[in-house]
Amino acid sequence: MANKQRPRQGVVNRETRETRVAVELTLDGTGRYKVSTGIGMLDHLLEQLSRHSLFDLTVGASGDIERDPHHLVEDVGLALGRALSEALGERRGVTRFGHAVVPLDEALALVAIDLSGRGYGSIDLAFDRDEVGGLPTEDIEHLLSAFANEGRLNLHVRLLAGDNDHHRAEAVFKALARALADAVRIDERIAGEIPSTKEVL
């Protein structure tokens, strides 16, 4: 099978004056994860991403969160996106598109993805609280935008319903997981081919 010829893995180490982030991502995994960022809710969301995409994911991150978690959250998004792009390589044989609508109690999230090779995020999130589990809710959009840009993918995210911000955020990451799982899947009918009329992604 095409996805067995080369392990679809990405390993990224990002270090700045403000943060240190290490990410290991395996696309053809079983949903195993080991995540430690120092921000409880961020850990929870990344664990959901791994579990429901069946990607194996290791994330170790530290930084100046006592000042503001923004730098760390954004850098995790950058490193995760870069790891995804590395794991995809030339993107040969991938389904390319994926979407999911995922409920969590009263919350409902929609995520659509195109592994186009062009980073773009259209993310429309509305939260009532400023923070959930140590994670500023405004930083969730920054993480997703950074992930889309470095992952070289087109990402659309919409919250369709919800009253509880924990449920809203978790539904988004579960939907992201399912959409990614579909998009990165190898289609044996086009194994080895670039899924584009341009023949490049």
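The values are calculated or read from the model by the stated rules, or taken from the named source; none is laboratory data. What you see is a predicted model; the values in this text were computed from it and never measured. Cβ: placed from backbone, ideal geometry, glycine included. Neighbour counts: every protein chain shown.
Could you list, in sequence order, all residues of the stretch 16-27 that are of a type in the set (Asp, Glu) and either modelled with pLDDT of 95 or more or touching a Ser or Thr at 6+ places or on another chain (Cβ under 8 Å) (or both)? Show your work before the answer.
Residues of the stretch 16-27 that are of a type in the set (Asp, Glu), as a first pass: 18, 24.
The one that is of a type in the set (Asp, Glu) and either modelled with pLDDT of 95 or more or touching a Ser or Thr at 6+ places or on another chain (Cβ under 8 Å) (or both): Glu24.
Any chance you could count how many residues in the stretch 34-64 are on the phi < 0 side of the Ramachandran plot and in contact (Cβ under 8 Å) with a residue 60 or more places away in the chain?
14
Tell me the residue from Arg158, Arg189 that is part of a helix (DSSP H, G or I), at negative phi and of a type in the set (Lys, Arg), please. If you could, list the steps in order and put the result at the bottom.
Working: Arg158 fails: part of a helix (DSSP H, G or I).
Residue meeting the stated conditions: Arg189.
What about Glu131, is it surrounded by 16 or more Cβ atoms within 10 Å (Cβ to Cβ) and farther than 22 Å from Leu54 by Cα? Lay out the reasoning, then the answer.
On the way: surrounded by 16 or more Cβ atoms within 10 Å (Cβ to Cβ): no; farther than 22 Å from Leu54 by Cα: yes.
No; evaluated as a whole, the condition is false for this residue.
In the stretch 41-74, how many are modelled with pLDDT of 95 or more and either touching a Cys at 6+ places or on another chain (Cβ under 6 Å) or aliphatic (A, V, I, L, M) (or both)?
11
Just one of the numbered conditions (1) within 16 Å of Ala183 (Cα to Cα); (2) among the small types (Gly, Ala, Ser); (3) surrounded by 16 or more Cβ atoms within 10 Å (Cβ to Cβ) is not true of Ala61; which one?
So Ala61 meets the others, but not (1).
I'd like to verify a number: residues in the stretch 28-58 that are over 16 Å from the mean Cα position of the chain (by Cα) and buried (at least 17 other Cβ atoms within 10 Å of the Cβ), how many?
Within the stretch 28-58, residues that are over 16 Å from the mean Cα position of the chain (by Cα) and buried (at least 17 other Cβ atoms within 10 Å of the Cβ) number 1.
Right, Val172: aliphatic (A, V, I, L, M), in contact (Cβ under 8 Å) with a residue 12 or more places away in the chain and buried (at least 17 other Cβ atoms within 10 Å of the Cβ) or not? Can you show your working first?
Working: aliphatic (A, V, I, L, M): yes; in contact (Cβ under 8 Å) with a residue 12 or more places away in the chain: yes; buried (at least 17 other Cβ atoms within 10 Å of the Cβ): yes.
So Val172 passes the test.
Determine, yes or no, whether Val200 is at pLDDT below 95 and not charged (D, E, K, R).
Values: at pLDDT below 95: yes; not charged (D, E, K, R): yes.
Spelling it out, Val200 is indeed at pLDDT below 95 and not charged (D, E, K, R).
Criterion first (within 23 Å of Val21 (Cα to Cα) and more than 10 Å from the chain's Cα centre (by Cα)) does Asp139 satisfy it? Talk me through it step by step, then tell me what you get.
Numbers: within 23 Å of Val21 (Cα to Cα): yes; more than 10 Å from the chain's Cα centre (by Cα): yes.
Against the criterion (within 23 Å of Val21 (Cα to Cα) and more than 10 Å from the chain's Cα centre (by Cα)), Asp139 qualifies.
Could you identify the single residue in Gly31, Gly60, Gly40 that is of a type in the set (Gly, Ala, Ser) and in contact with a Lys or Arg (Cβ under 7 Å, 6 or more places away or on another chain)? Before the answer, list the steps.
Working: Gly60 fails: in contact with a Lys or Arg (Cβ under 7 Å, 6 or more places away or on another chain); Gly40 fails: in contact with a Lys or Arg (Cβ under 7 Å, 6 or more places away or on another chain).
Gly31 is the lone residue from the list that is of a type in the set (Gly, Ala, Ser) and in contact with a Lys or Arg (Cβ under 7 Å, 6 or more places away or on another chain).
Looking only at the stretch 6-27, filter to residues that are over 15 Å from the mean Cα position of the chain (by Cα) and of a type in the set (Ser, Thr, Tyr); which one of those is surrounded by the fewest Cβ atoms within 10 Å (Cβ to Cβ)?
Thr16
Pairs needed: first member in the stretch 90-108, surrounded by fewer than 18 Cβ atoms within 10 Å (Cβ to Cβ); second member anywhere, assigned to a loop (DSSP other than H, G, I, E, B) and among the acidic types (Asp, Glu); C-beta distance under 7 Å; at least 6 residues apart or different chains.
Thr95/Asp187; Glu106/Asp163
How many residues are free of Cβ contacts under 8 Å to residues at least 40 places away in the same chain and over 23 Å from Ser36 (Cα atoms) if we restrict to the stretch 127-145?
The total comes to 2.
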